[in-house]
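One structure is given below, encoded as C-alpha cells.
The values are calculated or read from the model by the stated rules, or taken from the named source; none is laboratory data. This is a predicted model, so every value here is computed, not measured. Positions of Cβ are generated from backbone atoms using ideal geometry, with glycine treated the same way; all protein chains shown enter the neighbour counts. Accessible surface areas use protein heavy atoms only, side chains included; no ligands, DNA or RNA. Shrake-Rupley method; radii C 1.70, N 1.55, O 1.52, S 1.80 Å.
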Amino acid sequence: MSDGITWLAEPKSIDWGGYSVVIALDLAGETLAARVAAGRYGRNKQQPRFLGSLTGRQADDVMSGLFGDTHNAIALRYGEIDEWSYVVQHGFWYGEFGPEPPVSQGGAHIFRLWYEEENGKPVPPFFSYEHDGRTVCSFNLHLDGSWGSGRVDGDADVVSALEAELTAAGLRLDDPEGRGDDRRALHRTCLGVIERHFGLTLPRDEILNSPLPTLLMKANVAKCPFCGAQQS
C-alpha cells in the first residue's frame with residue numbers, strides 16, 4: 001500500500017527542522033540529486049561528495065563530525081519508488097538553493113514540498129509543481145495570506161482543478177479566517193489533495209530508517225573540510 005505524502009504533516013516528520021523533499025517523475029534518483037545539488041547558491045561551488053548509503057541519523061552524525069554542526073552542511077539522500085524518484089534534504093537547507101539551473105529542465109516534472117517547522121516567523125509549509133523550467137502551480141499549505149496570496153497560483157486549468165478539490169475537501173478558500181486554528185489538520189488536508197491530484201507518494205519507513213545514497217555539501221556559511229580552501 002502506498003504511504004502517500006500526508007505523513008509529512010506530523011511534527012518533525014523527517015528532520016528536526018521540518019522537511020524539504022523534491023520528487024520527480026521518470027528521472028533516476030542520482031540524476032535528480034545532481035540537479036538539486038547544482039541549484040545551491042554561491043560562486044565556485046564545490047562538487048558534492050558522495051558518501052555511500054546513510055540513514056538520516058547517520059547523515060546528521062557525518063555532518064556534525066566533519067563540519068562541527070548540521071547547520072554548516074547539507075546532505076541530500078535520494079531514492080526511487082516505481083516511476084518516481086525523490087531527494088530528501090538534511091542539515092541547513094533553508095534558503096540555500098535557487099531556481100538556476102532549473103531542476104525541471106528538459107521536460108522533467110518536479111514537485112517540491114518544504115516546511116521550515118522551526119522558523120519562528122512562522123513560515124507555512126509550501127508546495128510547487130515545476131515543468132520544463134517553469135512553475136506550473138504553487139501555494140502555501142496553510143492557505144493564508146501570511147506568505148503569498150493564500151490561494152493557488154499558476155496555470156489557470158491546474159489552479160481551477162486544485163481549488164475545486166481543496167473546496168471538496170472542506171476548505172473555504174474565500175474565507176481564511178473561517179478555517180480555524182488547527183494548522184496541522186489543514187496542512188494534512190492540503191497534502192492529501194496534492195497526493196490524490198498528482199499521484200505523489202514517498203516511502204516513509206525507507207526515508208526515516210533505511211540507508212539511502214547520500215551526497216554531502218557545505219552550507220554557504222561553512223568552510224569545506226575536504227576541499228582545501230574555503231569556497232562560496
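Of the residues making up the stretch 26-45, those that are open to solvent by less than 50 Å² (accessible area, probe 1.4 Å) and outside any loop (DSSP other than H, G, I, E, B) are G29, L32, A33, V36, A37, A38, R40.
Of all the residues in the stretch 116-137, those that are in a strand (DSSP E or B), open to solvent by 20 Å² or more (accessible area, probe 1.4 Å) and within 20 Å of S85 (Cα to Cα) number 6.
Per-residue answers, yes or no, for (1) under 15 Å from the mean Cα position of the chain (by Cα); (2) assigned to a loop (DSSP other than H, G, I, E, B); (3) without any contact (Cβ under 8 Å) to a residue 40 or more places away in the chain:
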position	(1), (2), (3)
L8	yes, no, no
Q47	no, yes, yes
Q58	no, no, no
Q89	yes, no, no
Y94	yes, yes, no
P99	yes, yes, no
G106	no, no, yes
W114	yes, no, no
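For the stretch 10-35, how many residues meet the condition of being among the acidic types (D, E) and either farther than 22 Å from S104 by Cβ or within 13 Å of the chain's Cα centre (by Cα) (or both)? Total satisfying the criteria: 2.
Sort through S146, S104, S128, S64 and tell me the only one that's at pLDDT 90 or above, over 25 Å from S2 (Cα atoms) and not acidic (D, E). Please lay out each step first, then the result.
Details: S146 fails: at pLDDT 90 or above; S104 fails: over 25 Å from S2 (Cα atoms); S128 fails: over 25 Å from S2 (Cα atoms).
The unique qualifying residue is S64.
Here Y78 fulfils each of the conditions (1) over 20 Å from D3 (Cβ atoms); (2) at pLDDT 95 or above; (3) hydroxyl-bearing (S, T, Y) apart from (1).
Within the stretch 149-173, the set of residues being in contact with a strand residue (DSSP E or B) (Cβ under 6 Å, 6 or more places away or on another chain) and either under 21 Å from R184 (Cβ atoms) or modelled with pLDDT under 90 (or both) comprises V152 only.
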